[in-house]
């Protein structure tokens, strides 16, 4: 019997690395939830509960807000779950060297980190949904019939932003990590149509088309189209195509960035 008979396959190693990452998330679940859910929950309380109660916004605003909050939760978690560990691992901890010793191609190591980040983004969105129900009360037009579309949009969005996190994590040095939040993530959140529908920007045509470079727009609008179709939204086919392209672009850039840092 040859020595390679029991050599693990790439799929086996990939799944083992994925299980390890998810085990770490489970062990550090409180920190994970605080890191990814603090901002979305605060927006839920202020804009979904306090302002409607005080009469400063109409009650129907909650219907437009909920899908956007889910999109923010997903994107923040997916980006941070990949970008921050990559900055640390390639920066001062050098823990990534242990991963690179795994008997699989370097590109698969990067792909595993992207998939793990996407799963964490999906988990964050699932956790926010019941919290939103408790804070905001029932959203009358919430449509469970769009569950299939929701799964597709959520999966594509999580992969897109996890891949974006991989690219940012391999492109930004530890000394510039603050730049990622102030110059990239903050504008993305406020101009990502998470807190207002994209069609609402008809009143500002220049801004309506300028925000289309923001990938969060497509996740938020996709969530609206799937969960609250009564709210004006971008066509779901356009959203799905855009997210597929964004995922492919950032996946390629992220894996290339990871490979360059790994062999550098």
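Laid out as a table, the results:
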quantity	calculated
D (Stokes-Einstein, µm²/s), Kirkwood Cα radius, the chain, 1.306 mPa s at 10 °C	83
Per-pair calculated FRET efficiency, R0 = 22 Å: residue 31 and residue 133 via Cβ, rounded to 0.05	0.35
Gaussian network model of the chain, springs between alpha carbon atoms under 10 Å - residue of 90, 14, 56 with greatest fluctuation	56
Gain on full stretching of the segment that runs from residue 202 to residue 183 - 0.36 nm per residue minus C-alpha separation	4.3 nm
Mean residue ellipticity (222 nm) of the chain, computed from DSSP H runs ≥ 4 via -39,500 (n - 2.57), nearest 500	-22500 deg cm²/dmol
The range 135-264: relative contact order in percent, alpha carbon pairs under 8 Å with at least 6 residues between	41
Estimated FRET transfer efficiency (residue 151, residue 245; beta-carbon r; R0 25 Å; 0.05)	0.85
Where labels lie 7 Å past Cα in the beta-carbon direction, separation of residue 238 and residue 39 in nm	2.6
Nearest-0.05 FRET efficiency for residue 190 and residue 97, computed from C-beta distance (R0 41 Å)	0.60
Length released on extending from residue 46 to residue 209, taking residue separation times 0.36 nm less the Cα-Cα span	55.9 nm
Relative contact order %, the range 10-263, counting alpha carbon pairs below 8 Å whose residues are six or more apart	28
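None of the figures in this text is laboratory data; all of them are computed from the coordinates on show. Just so it is clear, the model here is predicted, and its values are computed rather than measured. We place every Cβ from the backbone using ideal geometry, glycine too, and count neighbours over all the protein chains shown.
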